[in-house]
1. Please give the strands (runs of 3 or more DSSP E) falling wholly within the chain in which 2 or more residues are among the polar types (S, T, N, Q).
2. Among (1) of a type outside the set (Asp, Glu); (2) over 12 Å from the mean Cα position of the chain (by Cα); (3) over 15 Å from residue 8 (Cβ atoms), where does residue 62 come up short?
3. Checking the condition in contact with a Ser or Thr (Cβ under 7 Å, 6 or more places away or on another chain), on the phi < 0 side of the Ramachandran plot and not small (Gly, Ala, Ser), which residue from 37, 45 passes?
4. Among all residue pairs at least 6 apart or on different chains, which show Cβ distances below 6 Å where the first residue, located in segment 5-24, is more than 15 Å from residue 57 (Cα to Cα) and the second is at pLDDT below 95 and part of a strand (DSSP E or B)?
5. Would you call residue 44 farther than 21 Å from residue 15 by Cβ and touching a helix residue (DSSP H, G or I) at 6+ places or on another chain (Cβ under 9 Å)?
6. Here is a list: 41, 74, 2. Which entry is among the aliphatic types (A, V, I, L, M) and without any contact (Cβ under 8 Å) to a residue 24 or more places away in the chain?
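The values are calculated or read from the model by the stated rules, or taken from the named source; none is laboratory data. Keep in mind it's a predicted model, so treat the numbers as computed, not measured. When we count neighbours, we look across all protein chains shown, and the Cβ atoms used for this are built from the backbone with ideal geometry, even at glycine.
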Amino acid sequence: MADYLSEDMRLMGGVPGQQLFLYRTDDEIATLLNAGYFDDAADDYNLDTGDIIVACSGSTRANAIDLLVATNTAGVVSVVNGS
């Protein structure tokens, strides 16, 4: 499993619990969907339940464009693909 990198995430706007992020990564979408992948984003960006991530993933960082919805339970972040 590859790792989340804070420099690949950008806050596009919003307030905690209603934030919108852009995340561009070489990781495949299946990797991003693993529980815990975005745990560090809870500290880096206050990623919280209900926040939305526009994920541009894959080798071209555009193989898949997905909307992910985050759930943060005591610092453990999981996402579901809302696309």
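1. On the way: elements: 9-15, 18-24, 52-57, 64-73, 76-81.
Passing ranges, in order: 18-24, 64-73, 76-81.
2. It fails just one condition, (3).
3. Values: 45 fails: in contact with a Ser or Thr (Cβ under 7 Å, 6 or more places away or on another chain).
Testing whether each residue is in contact with a Ser or Thr (Cβ under 7 Å, 6 or more places away or on another chain), on the phi < 0 side of the Ramachandran plot and not small (Gly, Ala, Ser) leaves just 37.
4. Between residues of segment 5-24 that are more than 15 Å from residue 57 (Cα to Cα) and residues that are at pLDDT below 95 and part of a strand (DSSP E or B), the close pairs are 20/14.
5. Numbers: farther than 21 Å from residue 15 by Cβ: no; touching a helix residue (DSSP H, G or I) at 6+ places or on another chain (Cβ under 9 Å): yes.
Answer is no for this residue.
6. Numbers: 41 fails: without any contact (Cβ under 8 Å) to a residue 24 or more places away in the chain; 2 fails: without any contact (Cβ under 8 Å) to a residue 24 or more places away in the chain.
Step by step, each of 41, 74, 2 is checked, and only 74 is among the aliphatic types (A, V, I, L, M) and without any contact (Cβ under 8 Å) to a residue 24 or more places away in the chain.
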